[in-house]
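Asker: Submitted below is the structure of interest, expressed as structure tokens.
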Amino acid sequence: MTKVVADISVSLDGFVTGPDPDLEHGLGHGGEGLHTWAFSPDPVDREVLTSATDATGAVVMGRRLFDIVDGPLGWNDEVGYGAGLAARPPVLVVTRRPPHEVRLADRVTFVVDGVRSAVETATVMAGDRDVVVMGGAAVIRGALEAGVLDELRLHLSPVLLGGGTPLFEPGTAPRTLRQIHVRASGTATHLTYRID
């Protein structure tokens, strides 16, 4: 059965990028430590990454994240969805205006009518595999607010960024999640929450 899972790395102080992310610094300045786990040889990290990547049938992301992964320093044949696994699931990008030129055009669909529509389309494309809402933070918040997420998967990285893009902002609607899985490695604590 298809699940819709928000999946993102986050710092101990709640940021999913360091300050000032741009095409050269996709994780912001100093944010590289967020994804150390994804490239780690640690067996727990490898199992978490491989299992999630293998279960993914389609990916939803926002336009800012897409511009980074489609940029000159973004995804390529060696590094892509699933880090070094470089998987190629279909990607749906939530945007108001699709770009004129796209390097990754063979695997991307632009959705201009919101995150709910993107998730609905991705669910059809994914078949019985998972839909992963991989970010950025605004798209994950939007999916949570729209009520389309089944799970929230956080990779808590042992870094303090001191600023950047917060996963959640003040004013986020209060809610209680149910923790259903925890795995710790030398580079991250992998947390999964059920959204009821």
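Asker: Check the stretch 104-120 and report whether any residue there is of a type in the set (Gly, Ala, Ser), under 14 Å from residue 8 (Cα atoms) and within 16 Å of the chain's Cα centre (by Cα). Please lay out each step first, then the result.
Answerer: Step one: filter the stretch 104-120 for residues of a type in the set (Gly, Ala, Ser), giving 105, 114, 117-118.
If we keep only those that are under 14 Å from residue 8 (Cα atoms) too, we end up with none.
Among the residues of the stretch 104-120, not one is of a type in the set (Gly, Ala, Ser), under 14 Å from residue 8 (Cα atoms) and within 16 Å of the chain's Cα centre (by Cα), which makes the answer no.
Asker: Scan the stretch 139-162 for residues that are in contact with a helix residue (DSSP H, G or I) (Cβ under 8 Å, 6 or more places away or on another chain) and in a helix (DSSP H, G or I) and report the count.
Answerer: 4
Asker: Scan the stretch 76-90 for residues that are of a type in the set (A, V, I, L, M), in contact with a strand residue (DSSP E or B) (Cβ under 8 Å, 6 or more places away or on another chain) and assigned to a strand (DSSP E or B) and report the count.
Answerer: Of the stretch 76-90, the ones of a type in the set (A, V, I, L, M) are 79, 83, 85-87.
Okay, now just the ones that are also in contact with a strand residue (DSSP E or B) (Cβ under 8 Å, 6 or more places away or on another chain), so 86-87.
Right, trim to assigned to a strand (DSSP E or B) and you get 87.
Looking only at that region, the number is 1.
Asker: Which numbered condition in (1) touching a residue at least 40 places away in the same chain (Cβ under 8 Å); (2) over 24 Å from residue 22 (Cα atoms); (3) under 14 Å from the mean Cα position of the chain (by Cα); (4) part of a helix (DSSP H, G or I) is the only one that residue 45 fails?
Answerer: It is condition (3) that residue 45 fails.
Asker: Among residues belonging to the stretch 91-130 that are touching a strand residue (DSSP E or B) at 6+ places or on another chain (Cβ under 7 Å) and basic (Lys, Arg), point out the one that is surrounded by the most Cβ atoms within 10 Å (Cβ to Cβ).
Answerer: Taking the candidates together, the pick is 129.
Rundown of residues vs (1) touching a helix residue (DSSP H, G or I) at 6+ places or on another chain (Cβ under 6 Å); (2) without any contact (Cβ under 8 Å) to a residue 40 or more places away in the chain; (3) closer than 23 Å to residue 40 by Cβ, yes/no style:
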{"site": "62", "(1), (2), (3)": "yes, no, no"}
{"site": "71", "(1), (2), (3)": "no, no, no"}
{"site": "78", "(1), (2), (3)": "no, yes, yes"}
{"site": "100", "(1), (2), (3)": "no, yes, no"}
{"site": "103", "(1), (2), (3)": "yes, yes, no"}
{"site": "107", "(1), (2), (3)": "no, yes, no"}
{"site": "122", "(1), (2), (3)": "no, no, no"}
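Since every read-out is calculated from the coordinates, none of them should be taken as a lab result. Because the structure is a prediction, the values reported are computed rather than measured. Cβ sites come from the backbone with ideal geometry, for glycine too, and all protein chains shown count toward neighbours.
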